[in-house]
Each structure stands twice: as C-alpha cells, then as structure tokens.
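The values are calculated or read from the model by the stated rules, or taken from the named source; none is laboratory data. Note that the structure is a prediction, hence the values are computed from the model and not measured. Neighbour counts are summed over all protein chains in view; Cβ atoms, including those assigned to glycine, are modelled from backbone coordinates with ideal geometry. Heads up: the accessible areas ignore ligands, DNA and RNA and are worked out on the full protein's heavy atoms, side chains in. Shrake-Rupley method; radii C 1.70, N 1.55, O 1.52, S 1.80 Å.
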Amino acid sequence: MKVFNVSHLYYTISSKRDGEGVFACSESVTNEEKRELEKPIIVSYLAPNNVPNKPETEEEFALFPKNYAYYKLRTCRKQALLLSTYTGRCNHTPNRFGNFLTHIILFDESLANINLPALLEKLPFRTHLTIEEEQNFEIDSVKLSIDANLLKNNIPQDAVSFVNENQNRKIIFEKITDKIVDGWLNMENHRIIIKAPQDEVKDFIFALYSILPSGLINQYPFATYKNTLRDSLFQIVGILSNTSIKLLENDLLFDLTQPQKTYEIRNPFSSFLSRTVTNATFDDIEKIEQACLKEDKLDKNILNHISKKIE
C-alpha cells in the first residue's frame with residue numbers, strides 16, 4: 001500500500017458563511033494555501049445551461065456533471081486533486097437551490113509520476129453534507145492508503161479501448177498529443193479545450209492522462225467540467241457540447257462532436273505513441289515511462305530520442 005500525507009479543504013454554501021466559502025479545512029492548510037485554493041475559478045461550480053432549476057430526482061441530478069480536477073499550487077510545492085459536486089438545496093435554507101460541495105485533497109509529495117485518473121477514482125471524496133454533518137463536522141483523515149499497483153503508469157485497457165473505438169476520438173487524441181509534445185501548452189496562457197457530451201468529456205481527459213507519459217502530461221492542471229473559461233487556471237479543460245462558451249485568445253478547441261478529417265501526425269514521438277496505443281503494445285509504453293522518469297525535463301527532442309531507441 002502507498003500511504004500519502006494529505007490535507008483537506010471543503011468549500012460549499014453553509015450556515016457558517018453568508019454565502020459560499022471554505023466550510024472547513026485541515027489544521028495543516030496554511031492561510032496562504034487557503035487564499036489560493038478558495039478562488040472561485042478553482043472551487044466554484046456553475047451549473048450547465050438548460051438543466052432544472054430545482055432538481056429533485058436522480059435523473060435530474062444526473063444532468064449536472066461532476067468536475068474532477070488537478071491543480072498545482074503556485075504558493076508552495078503542494079498539488080491538489082478535487083471533486084466538485086452539485087448538491088441542489090442548501091441545508092440551512094432548503095428553499096434555496098444552487099448549492100455544491102468542492103472537496104480538495106492536498107498532497108505534500110509530488111504526483112508527477114502517478115496515474116492521476118487512477119488516483120482520483122480511489123480518493124474518498126465527499127459529495128454532500130447532511131445537516132447533522134454540518135453541525136458536527138469531522139475532517140477526514142490526513143493519512144491515505146492506496147493500492148500502489150493502481151497508481152503505476154501502466155496504461156489501462158479501458159482507456160485505450162475508449163480512444164480506439166471512435167475515429168473522431170483517435171484523430172483528436174493524435175492532434176492533442178502533437179500539441180502537447182511540441183510544447184504548445186508551455187507558452188503563456190495557452191489552453192486546450194475539449195468539447196464533448198457529458199458522458200464522454202471526462203473519460204476523454206482521463207484517457208489522455210492515463211495514456212501519455214505521466215512525466216509529461218502531469219505538468220498541466222486539468223478540469224473535466226467548466227461552464228466558463230474566464231481566467232481559468234487549468235490548462236486542459238472540458239466543456240459540454242450543448243453549451244456555447246466564449247473562448248479566450250490562446251484557447252485551442254477540440255470538438256469531439258464534429259467529424260474529423262484524416263490527420264497526419266507531425267511529431268515522431270506522437271506517431272510512435274499513436275501506433276503503440278492502436279496496437280495495444282503496452283510493453284513499449286512501459287519502456288517509455290521508465291525512460292521518461294530518468295529525465296529531469298521532458299521536451300520533444302528527448303521524447304523523439306526515446307521513441308527511436310525503443311523502436
């Protein structure tokens with residue numbers, strides 16, 4: 001088992017605050033970290049358009065996507081994984097809707113070489129608070145034990161199958177891989193925006209972070225769902241296909257709902273990775289991961305060199 005030292009921060013609308021704000025956090029969270037994490041662009045949840053204003057049934061709540069996100073703090077070396085969930089009613093004002101809960105788990109150690117989707121799916125995120133929990137709240141444990149085998153950089157078969165089963169996904173995966181390997185996201189304010197239906201956008205982003213070498217892709221914070229792109233601190237962002245959101249100047253949009261023309265991969269490493277994934281030759285992927293872990297800085301020249309050595 002792998003044991004992580006973590007801190008927790010919970011952000012919601014509650015009787016403790018006049019409006020939304022930090023409901024509770026671990027003692028180890030500093031004021032500086034708290035100020036950075038409670039920025040609305042990180043923790044707030046904006047519901048999709050054209051959903052019920054007062055959801056009551058499971059079917060109605062299912063229309064509100066969860067936001068899984070990865071964020072690297074700028075005030076320290078810590079990294080955060082978070083889940084934002086729409087909860088509907090506010091406990092202290094039950095006639096008021098629009099509440100949500102964002103649970104942030106802060107990690108003291110680097111997550112640079114960990115399969116982030118695998119870790120996110122195993123974390124004990126809270127998705128709602130009852131009235132009793134609000135009144136007698138106990139912060140979660142600062143020790144997390146996760147099966148280390150789940151966090152290895154072995155590519156899960158379901159991520160590969162998800163990309164390969166749809167030609168649009170495969171072409172967009174190749175385009176994005178080219179951009180990332182060429183360092184497009186390293187330029188100031190550059191972002192990749194992925195537009196897709198609710199049941200597809202999270203899985204596509206998770207597939208990117210499961211398939212690409214973690215030493216490369218984990219440099220970039222991501223959010224699987226946003227309903228605004230203003231001042232986002234995330235570099236890979238998911239938006240829903242049935243919404244119209246204004247892009248910023250340096251945003252690059254990839255729309256999974258639009259038919260894609262055949263794409264000729266430009267970068268040798270991207271081409272190698274695409275062939276490896278298509279053929280499901282996971283031994284080669286593991287060799288890439290091990291080679292990447294030995295490098296302090298990953299750029300396209302190193303990646304191309306690694307792929308040629310393996311081939």
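A few notes on this one:
- For the chain, the percent of C-alpha pairs falling in each 20 Å distance bin, counted from 0 to the bin holding the largest distance, reads 32, 58, 11, 0.
- Selection from Ser44, Ser26, Phe64 lying farthest towards where the dipole of the chain points positive, charges on Cβ: Ser44
- Rolling a 1.4 Å probe over the heavy atoms of the protein chains gives region 49-204 an accessible area of 48 Å² per residue.
- Taking the Cα centre of the chain as origin and assigning +1 to Lys and Arg Cβ atoms and -1 to Asp and Glu Cβ atoms, the resulting dipole is close to 640 debye.
- Globularity index of region 1-141, i.e. its alpha-carbon radius of gyration over 2.2 N^0.38 Å: 1.06
- Under the Debye formula (equal points on every Cα, no solvent term), log10 I(q)/I(0) of region 211-267 at q = 0.13, 0.21, 0.30 Å⁻¹: -0.44, -1.03, -1.27
- Its residues counted as N, region 50-209 yields a C-alpha radius of gyration over 2.2 N^0.38 Å of 1.21.
- Put simply, the convex hull of the Cα atoms in region 126-207 casts, on average, a shadow of 9.3 nm².
- Only protein atoms count toward the accessible area here, which uses a 1.4 Å probe; on the chain, the carbon and sulfur part of that area reaches 45 percent.
- At 1.002 mPa s and 20 °C, Stokes diffusion of region 24-92 via Kirkwood alpha-carbon radius, µm² per second: 151 µm²/s
- Percentage relative contact order, region 28-158, counting C-alpha pairs under 8 Å, at least six apart: 19 percent
- Divided by 2.2 N^0.38 Å, where N counts the residues, the Cα radius of gyration of region 4-63 comes to 1.42.
- DSSP beta bridges in region 170-263 [antiparallel fraction, %, rounded to 5]: 0 percent
- Using C-alpha pairs below 8 Å separated by at least 6 residues, the relative contact order for the chain is 19 percent.
- Contour excess over end-to-end distance, with Cα ends at Ser15 and Leu248 and 0.36 nm allotted per residue: 80.3 nm
- Estimated 222 nm signal from helices in the chain, with DSSP H stretches of n ≥ 4 weighted -39500 (n - 2.57), rounded to 500: -9000 deg cm²/dmol
- Tail weight of P(r) past 16 Å, computed on alpha-carbon pairs of region 172-252, percent: 46 percent
- Between the helical axis of 167-181 and the longest alpha-carbon principal axis of the chain there is an angle of about 80 degrees.
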